[in-house]
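K.L.:
The structure that follows is given in the form of C-alpha cells.
The values are calculated or read from the model by the stated rules, or taken from the named source; none is laboratory data. Just so you know, these numbers come straight off a predicted model, no measurement behind them. Note that each Cβ is placed from the backbone with ideal geometry, even for glycine, and that neighbours are counted across all protein chains shown.
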Amino acid sequence: MTRITIQYDENGVPRKLRLSGHTGYASSGEDVVCAAVSALTINTVNSLEYFLPEDKFRDTSDEKKGFIEFEFVCDPSEKAQLLVNSLIFGLKNIKDQYGNTYLKITEKPFGHSRRPPGKRQKGKNDAEV
C-alpha cells in the first residue's frame, strides 16, 4: 500500500507531501497504480523545479523503498499551489478508482499550525480521504 500524507498550512495551502510504499496492485513493472502515482508525483516535482525555480523546496526520495517527500521552504506561489493541488486531485482520483486497498491518503496540519480552514481534526475512528 502507498501511504500519502499531505500537510496544509493555516491557510489551507499544501506545504508538504510524503508518499511511501508500493501499491501492491501488481508485480513490479506491471503495477499501473504505482506507475500512475509515481508519474504524477515526479512530474510535479520536476515541473516545480523547471518552471518555478523561485519556489524553493527540499525533496528526498528512495526508488527502491518507494519513498518521496517534498516540502516548501518558503511560501509557495499561486502557480506552485496549482501544480501541487493538481497532483493531489490526481492522487485522489486514482484512490477513488482503485480503492483503499492500494492508496491511503491522510491530510493534516503542517507543523504546529492550525488545521486548514473548513477541515476538522481527524479522530481515530474517522474514515480516510
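K.L.:
I'd like to verify a number: residues in the stretch 10-45 that are under 14 Å from the mean Cα position of the chain (by Cα) and part of a helix (DSSP H, G or I), how many?
P.N.:
The number of residues fulfilling the criteria is 11.
K.L.:
What are the residues in the stretch 25-38 that are touching a helix residue (DSSP H, G or I) at 6+ places or on another chain (Cβ under 8 Å) and either within 11 Å of T2 (Cβ to Cβ) or surrounded by 17 or more Cβ atoms within 10 Å (Cβ to Cβ) (or both), if any?
P.N.:
Result: Y25, V33, A36, V37.
K.L.:
Okay, next question. Based on this model, can you work out whether Q7 counts as touching a Phe, Trp or Tyr at 6+ places or on another chain (Cβ under 6 Å) and either closer than 22 Å to P109 by Cα or not in a helix (DSSP H, G or I) (or both)?
P.N.:
Judged against the criteria, Q7 is a match.
K.L.:
While we're looking at this one, here's another question. Inside the stretch 10-47, can you point out the residues that are closer than 12 Å to L91 by Cα, in contact with a strand residue (DSSP E or B) (Cβ under 9 Å, 6 or more places away or on another chain) and hydrophobic (A, V, I, L, M, F, W, C)?
P.N.:
Selection gives L17, L19, V33, C34, V37.
K.L.:
Okay, moving on. From the list V129, V84, which residue is at pLDDT 90 or above and either farther than 22 Å from G12 by Cα or of a type in the set (V, I, T) (or both)?
P.N.:
After ruling out the rest, the residue left standing is V84.
K.L.:
Still on this structure: Which one of these is on the phi > 0 side of the Ramachandran plot, touching a strand residue (DSSP E or B) at 6+ places or on another chain (Cβ under 8 Å) and surrounded by 16 or more Cβ atoms within 10 Å (Cβ to Cβ): G66, G111?
P.N.:
G66
K.L.:
For the stretch 56-88, enumerate the residues that are in a strand (DSSP E or B) and either without any contact (Cβ under 8 Å) to a residue 40 or more places away in the chain or among the hydrophobic types (A, V, I, L, M, F, W, C) (or both).
P.N.:
Passing the criteria: F57, R58, D59, T60, S61, D62, F67, I68, F70, F72.
K.L.:
Let me ask you something else. Since D59 meets every condition but one in (1) more than 14 Å from the chain's Cα centre (by Cα); (2) surrounded by fewer than 18 Cβ atoms within 10 Å (Cβ to Cβ); (3) farther than 18 Å from T106 by Cα, which condition does it not meet?
P.N.:
In the conditions (1) more than 14 Å from the chain's Cα centre (by Cα); (2) surrounded by fewer than 18 Cβ atoms within 10 Å (Cβ to Cβ); (3) farther than 18 Å from T106 by Cα, D59 misses (1) alone.
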